[in-house]
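Here is the structure we will look at, set down as C-alpha cells.
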C-alpha cells in the first residue's frame with residue numbers, strides 16, 4: 001500500500017485542477033496515491049482523468065454532496081496510513097509531502113502536521129501574504145482563537161485520527177468543516193508544524209467563503225459543539241472564540257463584491273461585545289483601518305489601496321529573498 005493518500009475533492013474545477021494535480025505529481029516524495037473525488041461536476045473531469053496514464057491516480061464520482069462529504073468519500077476509499085487533503089484550485093511546493101511525512105514518521109504521538117500558507121490570486125500570482133503559525137503540541141486552545149491550519153490544503157493526518165474522532169461534519173457544508181475537524185483532532189492528539197510556506201492558497205473574488213451569512217451560522221455551530229464537550233475549566237475561552245470568529249467574519253463583507261463596510265462594522269462590534277480585549281489585537285486594528293479606508297474613499301479607492309498595498313508587499317518579500 002502507498003504511504004500517503006492525497007485526497008482532492010473537485011466540483012467543476014477543471015480551470016485549475018490540471019495545475020493542482022501537476023503540483024502533486026511533482027512531489028519529491030512519490031509513494032502516494034491520488035484520489036480525486038468528482039462531486040457531481042458537469043465539466044469534463046471524467047474524460048480528462050481517463051487520459052492520465054499514471055497508475056497512482058484514481059477518480060471516484062458521486063452526486064454533488066458538498067466539500068465535507070467529498071472528503072469523507074476520499075477517506076473511505078483511501079488505502080494509506082497518512083492522509084493529505086488538497087483543494088482542487090490550490091497548489092503545493094514539491095517538498096510538502098516529504099517534509100510532513102518525515103515528521104509523522106519520527107513522532108508517533110503526533111496526529112496532524114500543518115505548514116505555512118502563501119496566498120495567491122485567481123491567476124496564480126502571489127499576493128505577498130504568508131500565514132506563519134508556530135503552535136505545536138497541545139494546540140486546542142490556540143485553535144479556538146484561530147484556525148492555525150489556515151485552509152483545507154495544508155493538513156497531513158494519521159488515519160487513526162479519523163477512526164478516533166470521526167469524519168468531517170457534513171452539516172457544516174463548505175464554511176467551517178475543516179476548523180471543526182482540526183479542533184476534534186487537537187482535543188486528542190499533538191500537532192506539529194513545518195515552518196515554511198509549502199501551500200499556495202488561491203483567493204477568488206466570488207469565493208464561497210465570502211458568503212458571510214452561511215459562514216456565521218457554521219461558526220456558531222462549530223463553537224457550540226466544541227464547547228459542549230470542553231472541560232469546565234476551559235469554558236472561559238468560549239467568549240474569546242466568538243470574538244475572534246466575528247472578527248474573521250467582519251472581513252468577508254469587505255472582500256465581497258458589495259464591499260459592505262456597514263456589515264463589517266456590525267461584526268466588529270459583535271467581536272468587541274463578546275471579547276472586549278480584542279480591541280488591542282493587531283487584527284482588530286488592521287480591520288478598523290480597512291473599514292475607515294472604505295468609508296472615506298469608497299470601494300474604488302479601497303480597491304486601489306489594496307492593489308498598491310499588495311504590490312508593495314510583493315516588492316518587500318522579493319527584497320527579503
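The values are calculated or read from the model by the stated rules, or taken from the named source; none is laboratory data. The shown structure was predicted, so the numbers you read here are calculated from the model rather than taken from an experiment. Here the Cβ positions follow ideal geometry from the backbone for every residue, glycine too, while neighbour counts run over all protein chains shown.
Here are the numbers for the structure shown:
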| quantity | calculated |
| --- | --- |
| Qualifying residue in the stretch 294-304 (condition: in contact (Cβ under 8 Å) with a residue 12 or more places away in the chain and either under 27 Å from residue 241 (Cβ atoms) or not in a helix (DSSP H, G or I) (or both)) | yes |
| Some residue of the stretch 225-234 being in a loop (DSSP other than H, G, I, E, B) and either modelled with pLDDT of 95 or more or touching a strand residue (DSSP E or B) at 6+ places or on another chain (Cβ under 8 Å) (or both) | no |
| Test: residue 247 is under 28 Å from residue 289 (Cβ atoms), crowded, with 21+ Cβ neighbours inside 10 Å and in the same structural domain as residue 292 (by TED's automatic domain parsing) | yes |
| Some residue of the stretch 137-150 being in contact with a strand residue (DSSP E or B) (Cβ under 7 Å, 6 or more places away or on another chain) and closer than 30 Å to residue 14 by Cβ | yes |
| Matching residues, the stretch 94-124, being on the phi > 0 side of the Ramachandran plot and touching a helix residue (DSSP H, G or I) at 6+ places or on another chain (Cβ under 7 Å) | none |
| Residues within the stretch 49-71 that are assigned to a helix (DSSP H, G or I) and touching a helix residue (DSSP H, G or I) at 6+ places or on another chain (Cβ under 7 Å), tallied | 3 |
| Test: residue 256 is modelled with pLDDT under 95, closer than 28 Å to residue 160 by Cβ and outside the structural domain of residue 92 (by TED's automatic domain parsing) | no |
| Odd one out for residue 150 among (1) closer than 23 Å to residue 34 by Cα; (2) at pLDDT 95 or above | (2) |
| Residue under evaluation residue 278, criteria (1) in contact (Cβ under 8 Å) with a residue 60 or more places away in the chain; (2) more than 19 Å from residue 212 (Cα to Cα); (3) in contact with a helix residue (DSSP H, G or I) (Cβ under 6 Å, 6 or more places away or on another chain), criterion not met | (1) |
| Some residue of the stretch 76-96 being crowded, with 18+ Cβ neighbours inside 10 Å, closer than 23 Å to residue 179 by Cα, assigned by TED's automatic domain parsing to the domain that holds residue 149 and at pLDDT below 95 | no |
| The stretch 284-293 - residue that is surrounded by 13 or more Cβ atoms within 10 Å (Cβ to Cβ) and within 12 Å of residue 251 (Cα to Cα) and, of those, modelled with the lowest pLDDT | 290 |
| Qualifying position, being surrounded by 13 or more Cβ atoms within 10 Å (Cβ to Cβ) and in a helix (DSSP H, G or I), among 269, 217 | 217 |
| Residue check, residue 185 surrounded by 14 or more Cβ atoms within 10 Å (Cβ to Cβ), at pLDDT 95 or above and not assigned by TED's automatic domain parsing to the domain that holds residue 104 | no |
| Unique match (being under 19 Å from residue 201 (Cα atoms), crowded, with 16+ Cβ neighbours inside 10 Å and without any contact (Cβ under 8 Å) to a residue 60 or more places away in the chain) among 139, 113, 117, 149 | 149 |
| Residue in the stretch 125-139 that is in contact with a helix residue (DSSP H, G or I) (Cβ under 6 Å, 6 or more places away or on another chain), outside the structural domain of residue 240 (by TED's automatic domain parsing) and outside any strand (DSSP E or B) present | yes |
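For (1) surrounded by 18 or more Cβ atoms within 10 Å (Cβ to Cβ); (2) more than 23 Å from residue 94 (Cβ to Cβ), each residue gets a yes or a no:
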| residue | (1), (2) |
| --- | --- |
| 20 | yes, no |
| 24 | yes, no |
| 54 | no, no |
| 67 | yes, yes |
| 73 | yes, yes |
